[in-house]
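Peer 1: My structure is below; once you've seen it, I'll send some questions.
The values are calculated or read from the model by the stated rules, or taken from the named source; none is laboratory data. Computed from a prediction, not measured in an experiment: that's the story for all the values here. For neighbour counting, all protein chains shown are included, and Cβ atoms are generated from backbone atoms with ideal geometry for every residue, glycine included. The accessibility values were calculated without ligands, DNA or RNA, using every heavy atom of the protein model including side chains. Shrake-Rupley method; radii C 1.70, N 1.55, O 1.52, S 1.80 Å.
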Amino acid sequence: MTMRINTFFYSIKQGIKNIFRNKMFSLASIATMAACIFLFGLFYIVIVSFNSTVRSIEEGVSVTVFFDKGISDAEMTEIGKKLQAREEVSKIEFISAEQAWKDYKKIYFEGREELAQGFTENPLANSAHYQVYLKDVSKQEQLVREIKAIAGVREVKDSTQVANTLTDFNHLIGYVSAGMILILLCVAVFLISNTITVGISVRREEIAIMKLIGATDYLVRAPFVVEGVIIGLIGAAIPLVVLYFMYQKIIVYIADKFNFIGSMISFMPVHSVFETLIPISVALGAGIGLLGSIITIRKHLRV
Amino acid sequence: MIKLEHVSKSYSAGTPALNDVNLEIADGEFVFIVGDSGSGKSTLIRLLLKELEPSEGRVMINGKVLGKIKHKQLPKFRRKIGVVFQDFRLLKDRNVFDNVAFAQKVVGEPNSRIKKQVPLMLSMVGLAAKYRSYPKQLSGGEQQRVAIARALVNDPDILLADEPTGNLDNNNAWEIMKLLEEINSRGTTVVVVTHNLEIVKVMKKRVITIKKGTIVSDSKQGDYDDED
């Protein structure tokens, strides 16, 4: 069917009229939708912030690789090259025996340097090592196993415990919030469907007349789809605005009042959170509106 | 042309609403269908609009068998038939102009054409001056005129009127009948279901009488079977 621009605008206009025609139900739907998207946004921000916190912790998680006694510098460099070449490795740092002793002295003999004078030889002569940082902490176990197999490697110290806990916790938060969001979305679909049902029953007479006059299915149905999508979009816009200002305020507030939390959580900058949150929420709002109205039309508007 | 061949319609077990009806209405005819309530008149109208399917037999309009019209083609088919009801069925939240324009919007007419066509229709039914009034501000007769304008604005071949004067006083009823006659004189086939026997007598048109689902008489000149 060739759809005229005229009919297209007609549908939009009628859809908007529908919203005003049953104000209470539209408001209820918009409110629920807004609540859903608000919670979704909140979860999203929490997850994103937590993720970025985890990532910054993960970045600090490293594997320490020690070498066999009497290994040559060339061999050490060779091992270093092998490590750097691995996919899961983000960076490696070489700490020479001298550097290790220097760091050690700095930590343990600070202010009492004379005590360290007793050591004529470097007591950490065999402590040259690589700090290996990973891109993805969950791959640590595998990596450690494989580094151990490299010739010239004496010992590998890892932080499996930290890595595993972080990964598990990250997954848990992800699953829990996905579950809650799913439930909320179902509620939103249900409410929009309810609103559209009321809209259809209010306009039953008009629909009957339209059919008798020879309106196509498209023209009978389109206004209700438009109604659903608009409710979805308004429902998405409101919480986005609220969240935007809230997030800004909260970052400042926490950094100000709860210094220790601020230092534990690494908040993402506002624009980078909302760069993703806005399109997702808008798509979600429109999508739920679309789904809710289409389900209802299928059920109640068998034209 | 409207043609019914051995058409029966029963809703559930029991006496059928229509029973083996054969009928032909030529293009440009003016036909009354009379009968008591429950005689099957409304069923006949609904069959012609393809709101119902016959249990047996077939209904044809302009050579097309209605049973073969697919759901998708239904809107196009219905645009060829104008319909008017006893209760007018106007949209209460729209004024006279918009009620008539609605029928054109539904079929996707461009606004420029709507603006030309609707005033033309309204002046034909004698309501040009009241185009901004709302249905509740109009008398029953005026509302029915709006309904007729709406039914005709898309230039249908056939106008079906289901008890068009049922809610009107005598004067208004006559006005509507004159209007329908005028429409018929312009070439539109008009089928009027009514139980206003006085009007039927005076108009001297073809009268088909239905009783308990069967056609009991079909007379050319306003006679009908009114033994009870």
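Peer 1: Using the Karplus curve 6.51 cos²θ - 1.76 cosθ + 1.60 with θ = phi - 60°, what ³J(HN,Hα) values do you get for each residue of segment B:165-174, in whole Hz, with x for Gly and Pro?
Peer 2: Whole-Hz 3J(HN,Hα) from phi for segment B:165-174: 10, x, 9, 10, 6, 4, 4, 5, 4, 5.
Peer 1: Count, for each residue of B:145-152, the Cβ atoms from other chains sitting within 10 Å of its Cβ, then give me the mean as a whole number.
Peer 2: 1
Peer 1: Quick one: with all protein chains in place, what share of the accessible area of the protein assembly as shown is carbon or sulfur, to the nearest percent (1.4 Å probe)?
Peer 2: Answer for the protein assembly as shown is 57 percent, counting heavy atoms of protein chains only.
Peer 1: Let me ask something additional. Could you work out the mean count of beta carbons from other protein chains within 10 Å of each residue's beta carbon in B:102-114?
Peer 2: Partner-chain Cβ atoms within 10 Å, mean over residues of B:102-114: 5.
Peer 1: In addition: Rounded to the nearest 500 deg cm²/dmol, what is the calculated helix-only ellipticity per residue at 222 nm for chain A, with -39500 (n - 2.57) per DSSP H run of length n ≥ 4?
Peer 2: -25500 deg cm²/dmol
Peer 1: So, one more: For the pair B:Lys204 and A:Ala255, how long in nm is the line joining their label points, each one 7 Å along Cα→Cβ?
Peer 2: It works out to 9.7 nm between the two label points.
Peer 1: What nm value, rounded to one decimal, do you get for the distance between B:Leu197 and A:Ile47 when each label is placed 7 Å out toward the C-beta?
Peer 2: Label at B:Leu197, label at A:Ile47, 7.7 nm between them.
Peer 1: For A:Val153, list long-range residues whose amide hydrogen, built 1.01 Å from N in the peptide plane, is under 5 Å from its own amide hydrogen.
Peer 2: Those qualifying (amide H under 5 Å, at least 5 residues apart or on another chain) are A:Asp68.
Peer 1: Buried accessible area for the A:B pair, summed, 1.4 Å probe, in Å² rounded to 100?
Peer 2: Accessible area lost upon association: around 1900 Å².
Peer 1: Further question: Could you go through segment A:183-188 in sequence order and give the Karplus-derived ³J(HN,Hα) for each residue, using 6.51 cos²θ - 1.76 cosθ + 1.60 with θ = phi - 60°, rounded to whole Hz, and x for Gly and Pro?
Peer 2: 4, 4, 5, 4, 4, 5
Peer 1: If you take every residue apart from B:Glu163 with its C-beta less than 11 Å away from the C-beta of B:Glu163, what net charge results, scoring Lys and Arg +1 and Asp and Glu -1?
Peer 2: After counting each charged neighbour, the total is -1.
Peer 1: Something else about it: Restricting things to alpha carbons, find the Rg to Rh ratio for chain B using the Kirkwood radius for Rh.
Peer 2: Answer for chain B: 0.97.
Peer 1: Through the Karplus equation 6.51 cos²θ - 1.76 cosθ + 1.60, θ set to phi - 60°, convert the phi angles of segment A:134-147 into ³J(HN,Hα) values in whole Hz; use x for Gly and Pro.
Peer 2: 9, 6, 9, 4, 5, 8, 4, 4, 4, 4, 4, 4, 6, 5
Peer 1: Further question on the same structure: Quickly rank A:109-118, B:194-203 as a protection proxy: mean count of other C-beta atoms within 10 Å, highest first.
Peer 2: Going by the mean number of other Cβ atoms within 10 Å, highest first, we get B:194-203, A:109-118.
Peer 1: Right, here's the next one. May I ask you to derive the relative contact order of chain B, considering only C-alpha pairs under 8 Å and at least 6 residues apart, and to give it as an integer percent?
Peer 2: 27 percent.
Peer 1: Listed highest first by mean packing, meaning other Cβ atoms within 10 Å per residue, what order do B:152-162, B:119-129 come in?
Peer 2: Listed from highest to lowest mean packing, they are B:152-162, B:119-129.
Peer 1: I'm a student and want to see the number: the projected area of the Cα convex hull of chain A, averaged over all directions, in nm².
Peer 2: 24.0 nm²
Peer 1: Which whole number of Å³ per residue matches the convex hull of the alpha-carbon atoms in the protein assembly as shown?
Peer 2: Convex hull of Cα atoms, per residue: 225 Å³.
Peer 1: Does segment B:3-46 classify as rounded, prolate or oblate by the C-alpha gyration tensor (a ≥ b ≥ c root eigenvalues; a/c under 1.5 gives rounded; else a/b over b/c gives prolate, otherwise oblate)?
Peer 2: oblate
Peer 1: Still on this model: In Å³ and rounded to a whole number, note down the convex hull volume per residue for the Cα atoms of segment B:135-218.
Peer 2: Expressed per residue, the convex hull around the Cα atoms of segment B:135-218 is 110 Å³.
Peer 1: How big is the convex hull of the Cα atoms of segment A:118-212, per residue, in Å³?
Peer 2: Hull volume normalised by residue count: 179 Å³.
Peer 1: Can you give the Rg to Rh ratio for segment A:62-158, taking only C-alpha atoms and Rh from Kirkwood?
Peer 2: Taking Rh as the inverse mean 1/r over Cα pairs, Rg/Rh reads 1.04.
Peer 1: Ok, one more. Would you tell me the mean number of C-beta atoms belonging to other protein chains that fall within 10 Å of each C-beta in B:74-82, as a whole number?
Peer 2: What the average comes to for B:74-82 is 4.
Peer 1: If the chain between A:Phe66 and A:His271 were fully stretched, how many nm would it gain, using 0.36 nm times the residue separation less the Cα-Cα distance?
Peer 2: Extra length available between A:Phe66 and A:His271 comes to 69.5 nm.
Peer 1: Also, I was wondering about something else. Only loop residues by DSSP count here, and only those with at most 14 other Cβ atoms within 10 Å; note down the trypsin sites (Lys or Arg not before Pro) in segment A:15-110 that meet that.
Peer 2: A:Lys69
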